[in-house]
Amino acid sequence: MQRRDARATRARILDAARRELTRDPDSSLEDIAGAAGVARRTVYVHFAGRAALVEGLAAEAAEAIRRAVVGAPAPTPDAVADLARFVLMVWPVGDRYRTLIRLARGQDLARARVDELLTPARDMAARVFAHGRQQGVFQTTVPPDPLGRAIEAQLVALLDCIDRGLCSDDGTGAATAALIAAGVAPDTAIAKVDQVRKSMSPPSPV
């Protein structure tokens, strides 16, 4: 029972940290403790300090990305639909943990750690891009790896805009933008994302 209570408290602190750091990346441990409904010393029982707390969020995000990638269906003959589905599946994870973008920019999270947690998604995206090029549905001007990084940067920029309150998106706009960047005609991209979204089950909590 004690161990279960400790796990629940740790999860509550991490959830509060995610919310508070999304609201204000400079939130203190005291702010986070208050949002979690615990004493500051309780935070230190679970995390040695701010760096450990941010790493806890990064670990959660990495596991959520891993689950999204593992749960993705096998490639289909329609690489355009596969790319749309991939973005729609990982978008809720990016949206939930978008505060990590600013934390990484502010050196609270090492760039190498960000690369590590994104590796499963990058590997899957590379496979989708390679498949689409073979099918002749994606542009070939830019090689698959640089194209994937460019689209990743585009998605991160969209998440950053959401984080700053400049826009909102449930993943539809992000998936459409990714398809267009990959070389799909805008009208086709819009129709494909709509088709894929309708075929998908509601996303599981991340």
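Numerical summary
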read-out: Calculated diffusion of the chain, Stokes-Einstein form, Kirkwood radius summed over Cα pairs, 4 °C and 1.567 mPa s, µm²/s; value: 71
read-out: Region 140-196 and region 1-54: distance between their alpha carbon centers, rounded to Å; value: 33
read-out: Descending semi-axes in whole angstrom, ellipsoid equivalent of region 84-146, from the Cα gyration tensor; value: 27, 14, 9
read-out: Net charge dipole size for region 1-132 [Lys, Arg +1 and Asp, Glu -1 on Cβ; Debye, nearest 20]; value: 320
read-out: Residue among Val38, Met124, Tyr97 farthest towards the positive dipole end of the chain, charges placed on Cβ; value: Val38
read-out: Portion, in percent, of the accessible area of region 40-141 that falls on carbon or sulfur, probe 1.4 Å; value: 55
read-out: Gyration tensor verdict on region 105-206 (Cα atoms; rounded if a/c is under 1.5, prolate if a/b is larger than b/c, oblate otherwise); value: oblate
read-out: Unit Cα scatterers, Debye sum, region 143-192: log10 I(q)/I(0) for q = 0.13, 0.20, 0.29 Å⁻¹; value: -0.31, -0.69, -1.06
read-out: Relative contact order [Cα under 8 Å, 6+ residues apart], the chain, whole percent; value: 23
read-out: At least 27 Å along the helix axis (C-alpha) and Kyte average at least -1.0, DSSP helices within the chain; value: 50-70, 111-135, 144-163
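The values are calculated or read from the model by the stated rules, or taken from the named source; none is laboratory data. As the structure is a prediction and not an experimental result, all values here were calculated from the model. Cβ atoms come from the backbone with ideal geometry, glycine included; neighbour counts cover every protein chain shown. Side chains are part of the model used for accessible areas, which takes the heavy atoms of the whole protein and leaves out ligands, DNA and RNA. Shrake-Rupley method; radii C 1.70, N 1.55, O 1.52, S 1.80 Å.
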